[in-house]
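To start, the structure under review is shown below, and the notes come after it.
The values are calculated or read from the model by the stated rules, or taken from the named source; none is laboratory data. In this text the structure is predicted, and so the values were computed from the model without any measurement. All Cβ positions, even for glycine, are placed from backbone atoms using ideal geometry, and neighbour counts span all protein chains on display. Heavy atoms of the whole protein, side chains included, go into the accessibility calculation; ligands, DNA and RNA do not. Shrake-Rupley method; radii C 1.70, N 1.55, O 1.52, S 1.80 Å.
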Amino acid sequence: MNLGLGMGGVVGGLIATTRHPASFTVLFLLDAATFLVFIAVLATLHEPRIREDEHAADSSGYRAVLRDRNFVWLLALNVLFVAVGYEVFALLPPFAKNYAGVSERWVGTMWLANTLLIVLIQLPVSKALEGRRRMRALALMSLLFAAAALIVLGGGIWLTGTAAALVFVGATLVFGLGEVLQGPTQAPLVADLAPDHLRGRYFALGSMSWSAGSILGPAIGGPLLGWHPLAVWPLAAAISVLAAAGCIALERRLPERVRRSPPDELLPEAEQVARPSPGYT
């Protein structure tokens, strides 16, 4: 997922340019083609049959999920992570170009640096997080998002052109450090909080929190960027710090068994069958 976000920024920066408006048409057509490829992949997948007892067990519905206050708290935090982290940083290209005079090529370079960092460190970071406290990892992620936002703010205030672009590259690298902390923690935590018969609904609401954040971030950040571009970044940093505090507070409420990422140990065969690989996008 993080790799896809970074590659989108790279491709967009390399293809689209205001000097050639038709390049945006090329970019949109390429974007549409990727969805057609995704449809072709989906056509090859087959859903497993659901046993009758699974239908019966699933009848408790979303009310049972929403009664899990720890999970609801985690959903709210994820909305903040996405809205303030991922979606606010989606505003970096127009801010960089229109406010700091950064070219489209430099915008592509920002996300190229971000993507390369993710490719290089995602797996080592995931390995390093084994046995570590999950909510502290998410709190660190939020603090890195805050630091990246403040770096953008400093670059926008004091620099323009290439100098500003280099600072923004540094900000996307700090942002990337935060991104790689979420994958090994967020989705596995959702899986561990979910009872077996409600796991699908837990994942459904977890995915919905990403959608909610994706709507909320641009809905607030876009108008704010138009009103006062420099106001976006300190606000994003402040909310990220608040989210980090929320992570620490939630950790005290979580059951001990889910607080840490599991170490790299072989599970009993029965448990491997009962608990499918966690993950959602």
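What does region 59-134 give for Rg and for Dmax, in Å, if only its C-alpha atoms count?
18.5, 56
When all protein chains stay in place, what accessible area (Å², nearest 10, 1.4 Å probe) is found for Ser207?
Here the accessible area works out near 30 Å².
For volume of the Cα convex hull per residue in Å³, which listed value, (i) 128; (ii) 181; (iii) 141, comes from the coordinates shown?
Working out volume of the Cα convex hull per residue in Å³ from the coordinates points to (iii).
For Met7, Met135, write out the residues from largest to smallest accessible area, computed with a 1.4 angstrom probe and no ligands counted. Don't jump to the answer; show the numbers that get you there.
Working: Met7 85, Met135 0 Å².
From most exposed to least exposed: Met7, Met135.
If you consider only alpha-carbon coordinates, what radius of gyration and Dmax does region 85-241 have, in Å?
Spelled out, the Cα radius of gyration and Dmax of region 85-241 are 16.8, 55 Å.
Using the crude model of +1 on Lys and Arg Cβ and -1 on Asp and Glu Cβ, and no other charge, please compute the dipole size for the chain relative to its Cα centre, in debye to 20.
Values: 21 positive and 19 negative charges, 136 e Å.
With only Lys, Arg, Asp and Glu charged at Cβ, the dipole is about 660 debye.
Could you work out the local net charge near Ala96, counting Lys and Arg as +1, Asp and Glu as -1, over the other residues with Cβ closer than 13 Å to its Cβ?
On the way: positive: Lys97, Arg105; negative: Glu104.
Computed value for this residue: +1.
Whole-Hz ³J(HN,Hα) for each residue in region 227-232, computed from phi via Karplus 6.51 cos²θ - 1.76 cosθ + 1.60 with θ = phi - 60°, x for glycine and proline: what do you get?
Residue by residue, region 227-232 yields 6, 8, x, 6, 6, 4 Hz.
Can you give the accessible area of Phe203, probe radius 1.4 Å, in Å² rounded to 10?
Here the residue's solvent-accessible area equals roughly 40 Å².
Give me the percent of accessible area attributable to carbon and sulfur for the chain, probe 1.4 angstrom.
On the way: 10220 of 15100 Å².
For the chain, the apolar C and S fraction of the accessible surface comes to 68 percent.
What nm distance separates the two modelled labels at Phe35 and Arg49, each placed 7 Å from Cα along Cα→Cβ?
3.5
Got a sec to turn the phi values of region 16-21 into Karplus ³J(HN,Hα) couplings, 6.51 cos²θ - 1.76 cosθ + 1.60 with θ = phi - 60°, whole Hz, x for Gly and Pro?
Karplus values, whole Hz, x for Gly and Pro: 7, 8, 5, 6, 10, x.
For region 90-164, go through all pairs of different Cα atoms, get the mean of 1/r, take its inverse, and jot down that Kirkwood value in Å. Write down the numbers at each step before the final one.
Details: mean 1/r = 0.0706 Å⁻¹.
Evaluated on region 90-164, it is 14.2 Å.
Quick one: which residues, 5 or more positions from Thr17 or on another chain, have an amide H under 5 Å from its amide H? H modelled 1.01 Å from N in the peptide plane, none for Pro or chain starts.
Ser23, Phe24
Using unit Cβ charges (K, R positive; D, E negative) and no other charged atoms, how large, in debye to the nearest 20, is the dipole of region 57-128 about its Cα centre? Show your work: numbers first, answer last.
On the way: 6 positive and 4 negative charges, 22 e Å.
Computed about the Cα centre, the dipole is about 100 debye.
Provide the per residue accessible area, probe 1.4 Å, for the chain, rounded to a whole number of square angstrom.
Values: 15100 Å² over 281 residues.
On a per-residue basis, the chain sits at 54 Å².
Just the accessible area for Arg133, please: 1.4 Å probe, Å², rounded to the nearest 10?
60
Which of the peptides 218-226, 98-106 is most tightly packed, and how do the rest follow, going by the mean number of other Cβ atoms within 10 Å of each residue?
Working: 218-226: 16.0, 98-106: 18.3.
Ranked by mean Cβ neighbours within 10 Å, highest first: 98-106, 218-226.
Taking θ as phi - 60°, what are the ³J(HN,Hα) couplings along region 177-188 by the Karplus curve (6.51, -1.76, 1.60), each to the nearest whole Hz, with x for Gly and Pro?
4, x, 4, 6, 7, 7, x, x, 10, 5, 5, x
Rank these by accessible area, largest first, 1.4 Å probe: Met110, Met208.
Numbers: Met110 0, Met208 115 Å².
Correct descending sequence by accessible area is Met208, Met110.
Can you give the alpha-carbon Rg of region 183-257 over 2.2 N^0.38 Å, where N counts its residues? Intermediate values should be presented prior to the final figure.
Working: Rg = 16.0 Å, N = 75, 2.2 N^0.38 = 11.3 Å.
Output field value: 1.41.
Per the helix-only calculation at 222 nm, which mean residue ellipticity applies to the chain, given -39500 (n - 2.57) for every DSSP H run of n ≥ 4 and division by its residues, nearest 500 deg cm²/dmol? Present the calculation step by step, with values, prior to reporting the outcome.
Values: 14 runs with 207 residues, N = 281.
Value at 222 nm, helices only: -24000 deg cm²/dmol.
Cα axis of helix 134-158 to longest principal axis of the chain: angle in degrees, 0 to 90, nearest 10?
Once rounded, the angle reads 10 degrees.
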